[in-house]
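Participant: Got a structure for you, questions after.
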Amino acid sequence: MKMKEAFKKNREKLLNRIEMFSAAVIFAGKAPYKRGDERYPFSPDRNFYYLTGIDREDCILFLAKTRTGVQETLYIPRDNGEMAKWVGANMTAEEATEISGITDISVIDAFESDFAAYIFKNGIKKMWLDLENREWNDALSPSLEFAKKVRENAPHMIIGDLYPDFSEMRVIKEDWELERMRKAMDITRLGIEEMMKTAKPGMMEYEVEAAYDYVLKKNGVKDRAFGTIAAGGKRGTILHYDKNNQIVEDGELILIDAGAQWGWYAGDISRTFPINGKFTERQKLVYNIVLEGQRRVIEAIKPGVPFSSLNELLKDYYFDALKEIGLVETKEDVAKYYYHGVSHYLGAETHDIGRYIDRSLQPGMVLTVEPGLYIEEWEIGIRIEDDVLVTEEGNEVMTAAMIKTVEEIEAFMEKYNG
């Protein structure tokens, strides 16, 4: 199937979710200014991309559903003329159609007047927008800005939120999405293996990180899925440590959490390894507890299993394992050493959208499985993360090629670091 057919199918799925005499507007977004005339790198709104395949900024998709049929219009920037010599040419209407399968292409300047005329002439009663809004004090998204404008100029209009619909649609991955994710995961694996190959006592965390970045660039990755965590020693107990600017001393572990991005889809792998290639007995003890916890969670993944049960299973196991080595006395004590969830959705975003509460696993979902233990008093932080696809029969560990046992890691690092 050509990709434009896949995007057309996604638009059809969305249109099936909205009622007659309604319209939907989805924005690609625009890179904000960094300073002066420089902007931050552009990253397309993933819902817009899911419907169009277009990864250019300042575009708008308009969909409508009336008795006369379905309307699909894509609004794109005009030909940028002389500016093309400086920043490259804007996308043409022909290019937009070839990518998205949308034949009605117009210029972005015409959007608001077209929108006003269309909703008036066609009796549109409800306007659908992606109203995701996690932080009320943050800058408003284009959708939230447009919602304000609709309320001011068409106060009779009902405004509906598409975010729950996108969450339901995107949580089940299609084959083309899984293909991109596998590519991202494999490049992530190669990058982490390169870190292991080059790691030596006394290196700065950013030196280890640089080996990863080199592999990503070498394999054509334009951007990481998220900022890499390379946390040595005690810093591995900080869940979202991101400075990566300290020395990793002989005898310390380094915790890596990294993800490449391919075709706007993410990989997400965590590994923890000794900077000198050899685990101490205490490090090995904790590492194997985490590894066994991960094995148990993965084993439990299959259709129909409540999502929330995965984390409870891990905490129950941790209580027994940590009590045996004298770290905890009650189940509540586990939270001192493990204070995050064991899983999240993965896809076009690292923490992909989708409901967790009252959710049971379904075939096509992709989850991370990332148990960790963070024992500050021992200066040991360990997280092991793999990406898992829920299948009809159970699950598939999509990152199974990435080594992770103590023996595998030590043998690998000895081979390259001697």
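Participant: Starting from the Kirkwood radius over alpha-carbon pairs of segment 244-306, derive D by Stokes-Einstein at 4 °C in a medium of 1.567 mPa s and give it in µm² s⁻¹.
Facilitator: Working: Rh = 14.4 Å.
Calculated translational D: 90 µm²/s.
Participant: Report the semi-axes of the equivalent ellipsoid for segment 311-412 in whole Å, largest first, where each axis is √(5λ) for an eigenvalue λ of the Cα gyration tensor.
Facilitator: Taking √(5λ) for each eigenvalue gives 26, 19, 12 Å, largest first.
Participant: Please arrange THR103, THR350 by accessible surface area, largest first, computed with a 1.4 Å probe and ligands excluded.
Facilitator: Sorted by accessible area, descending: THR103, THR350.
Participant: Continuing with this model, one more query. Calculate log10 I(q)/I(0) of segment 1-115 for q = 0.21 Å⁻¹, where I(q) comes from the Debye formula with a single equal point scatterer on each Cα and nothing for solvent.
Facilitator: Each listed q maps to, in turn, -1.23.
Participant: Of TYR206, TYR265, which has the most accessible area and how do the rest follow, probe 1.4 Å? Please report the intermediate quantities before stating the final value.
Facilitator: Working: TYR206 115, TYR265 5 Å².
Solvent-accessible surface, decreasing: TYR206, TYR265.
Participant: Counting just the Cα atoms, what span does the chain cover along each of its three principal axes? Round to the nearest Å and put the largest first.
Facilitator: If we take the Cα atoms of the chain, the spans are 74, 50, 42 Å.
Participant: Hey, another quick one. How much length, in nm to one decimal, is gained on full extension between GLU324 and ARG296, taken as 0.36 nm per residue of separation minus their Cα-Cα distance? Each step should come with its number before you reach the end.
Facilitator: Numbers: separation 28, 0.36 × 28 = 10.08 nm, distance 1.78 nm.
Gain on stretching GLU324 to ARG296: 8.3 nm.
Participant: Could you give the size of the charge dipole of segment 69-186 about its Cα centre, using +1 on the Cβ of each K and R and -1 on the Cβ of each D and E, expressed in debye and rounded to the nearest 20?
Facilitator: 360
Participant: Can I ask one more? Ignoring ligands, DNA and RNA, please state the percent of accessible area on segment 302-345 from carbon and sulfur, probe 1.4 Å.
Facilitator: Carbon and sulfur atoms account for 51 percent of the accessible area of segment 302-345.
Participant: Next up: Say R0 is 35 Å: what FRET efficiency, to the nearest 0.05, do ILE158 and GLU12 get from their beta-carbon distance?
Facilitator: Rounded to the nearest 0.05, the efficiency is 0.95.
Participant: Consider a paramagnetic label point 7 Å from the Cα of MET20 along Cα→Cβ; state which residues of segment 41-82 have an amide N under 17 Å from it.
Facilitator: Counting backbone N atoms under 17 Å from the label point, the list is 64-71.
Participant: Around PRO363, under 14 Å between beta carbons, what's the net of Lys plus Arg minus Asp minus Glu among the other residues?
Facilitator: -3
Participant: Then there's this: Where only protein heavy atoms count, and the probe is 1.4 Å, what is the accessible area per residue for the chain in Å²? Kindly include the intermediate steps, with their values, before the conclusion.
Facilitator: Values: 20030 Å² over 418 residues.
It amounts to 48 Å² per residue over the chain.
Participant: With each label point set 7 Å from Cα along the Cα-Cβ vector, what nm distance links THR97 and GLU332?
Facilitator: Each label point is offset 7 Å from its Cα along the Cβ direction, giving 6.7 nm.
Participant: Rounded, prolate or oblate: which fits segment 369-418 when a ≥ b ≥ c are the square roots of the eigenvalues of the alpha-carbon gyration tensor, with rounded for a/c under 1.5 and prolate only if a/b beats b/c? Please report the intermediate quantities before stating the final value.
Facilitator: On the way: a/c = 4.14, a/b = 1.33, b/c = 3.10.
Verdict is oblate for segment 369-418.
Participant: Sort all Cα-Cα distances of segment 218-349 into consecutive 5 angstrom bins from zero, then give the percent of pairs in each bin up to the one containing the longest distance.
Facilitator: Spelled out bin by bin, segment 218-349 gives 2, 9, 15, 18, 20, 18, 11, 5, 2, 0 percent.
Participant: Under a Cβ-Cβ cut-off of 10 Å, what is the net charge of the residues other than GLY394 that fall near it, where Lys and Arg count +1 and Asp and Glu count -1?
Facilitator: My count for the surroundings of GLY394 gives -3.
Participant: To continue, here is another question. From the square roots a ≥ b ≥ c of the eigenvalues of the alpha-carbon gyration tensor of segment 200-242, which class results: rounded (a/c under 1.5), prolate (a/b over b/c), or oblate? Provide the component values of the computation, followed by the final result.
Facilitator: Values: a/c = 4.31, a/b = 1.53, b/c = 2.82.
Cα axes put segment 200-242 in the oblate bin.
Participant: Using a simple charge model, +1 on the beta-carbon of Lys and Arg, -1 on the beta-carbon of Asp and Glu, nothing else, what dipole does segment 263-317 show about its Cα centre, in debye to the nearest 20?
Facilitator: The dipole magnitude comes to about 200 debye.
Participant: With all protein chains present, calculate the accessible area of PHE307 using a 1.4 Å probe and round the result to the nearest 10 Å².
Facilitator: For PHE307, solvent-accessible area is about 20 Å².
Participant: Express the relative contact order of segment 227-296 as a whole percentage, based on alpha carbon pairs under 8 Å and six or more residues apart in sequence. Intermediate values should be presented prior to the final figure.
Facilitator: Working: 92 pairs, mean separation 18.2, N = 70.
Reported relative contact order: 26 percent.
Participant: Report, to the nearest whole %, how much of the accessible area of segment 113-159 belongs to carbon and sulfur atoms, 1.4 Å probe, protein only. Write out the running numbers ahead of the final one.
Facilitator: Working: 1750 of 3250 Å².
Within segment 113-159, the accessible surface is 54 percent carbon and sulfur.
Participant: Hey, another quick one. Need one word for segment 312-352: rounded, prolate or oblate. Basis is the Cα gyration tensor (sqrt eigenvalues a ≥ b ≥ c); a/c below 1.5 gives rounded, then a/b vs b/c decides.
Facilitator: Verdict is prolate for segment 312-352.
Participant: Same structure again: With 29 Å as the limit, write out which pairs from LYS34/LYS148; LYS2/LYS30; LYS217/LYS302; LYS149/LYS222; LYS9/LYS30; LYS2/LYS404 have Cα-Cα distances beyond it, or answer none.
Facilitator: LYS217/LYS302; LYS149/LYS222; LYS2/LYS404
Participant: Need the full-extension length gain, MET3 to SER309, defined as separation in residues times 0.36 nm minus the C-alpha distance. One decimal, nm.
Facilitator: Residue separation times 0.36 nm, minus the Cα-Cα distance, leaves 106.5 nm.
Participant: GNM on the chain, C-alpha springs below 10 Å: top fluctuator among MET181, MET196, MET83?
Facilitator: For the chain, modelled as a Gaussian network with Cα springs under 10 Å, the answer is MET83.
Participant: Given +1 on the Cβ of Lys and Arg, -1 on the Cβ of Asp and Glu, and no further charges, what dipole in debye does the chain carry about its Cα centre, rounded to the nearest 20?
Facilitator: Around 900 debye, computed over the chain.
Participant: Using only Cα atoms and rounding to the nearest 10 degrees, what angle (0 to 90) does helix 3-15 make with the longest principal axis of the chain?
Facilitator: Approximately 70 degrees, to the nearest 10.
Participant: State the dimensionless ratio Rg/Rh of segment 107-157 (Rg: radius of gyration of Cα atoms; Rh: Kirkwood radius). Could the numbers behind the result be given before it?
Facilitator: On the way: Rg = 12.3 Å, Rh = 12.2 Å.
Using only Cα positions, Rg/Rh for segment 107-157 is 1.01.
Participant: Does anyone have the angle between helix 205-218 and the longest principal axis of the chain? Alpha-carbon axes, 0 to 90°, nearest 10?
Facilitator: That helix lies at roughly 50 degrees to the long axis.
Participant: With labels modelled as points extended 7 Å from the Cα through the Cβ direction, what inter-label distance (nm, one decimal) is found for ASP58 paired with GLU179?
Facilitator: 3.3
Participant: Now, a different point. Placing +1 on the Cβ of each Lys and Arg and -1 on the Cβ of each Asp and Glu in the chain, which of VAL221, GLY101, ILE384 has its Cα farthest towards the positive end of the resulting dipole?
Facilitator: Looking along the dipole axis, the top candidate is GLY101.
Participant: Now for a different question. Just the accessible area for TYR163, please: 1.4 Å probe, Å², rounded to the nearest 10?
Facilitator: Result for TYR163: roughly 50 Å² accessible.
The values are calculated or read from the model by the stated rules, or taken from the named source; none is laboratory data. Predicted model only: the values in this text are computed from it and were never measured. Neighbour counts are summed over all protein chains in view; Cβ atoms, including those assigned to glycine, are modelled from backbone coordinates with ideal geometry. Note: accessible area is taken over every heavy atom of the protein model, side chains too, but ligands, DNA and RNA are not part of it. Shrake-Rupley method; radii C 1.70, N 1.55, O 1.52, S 1.80 Å.
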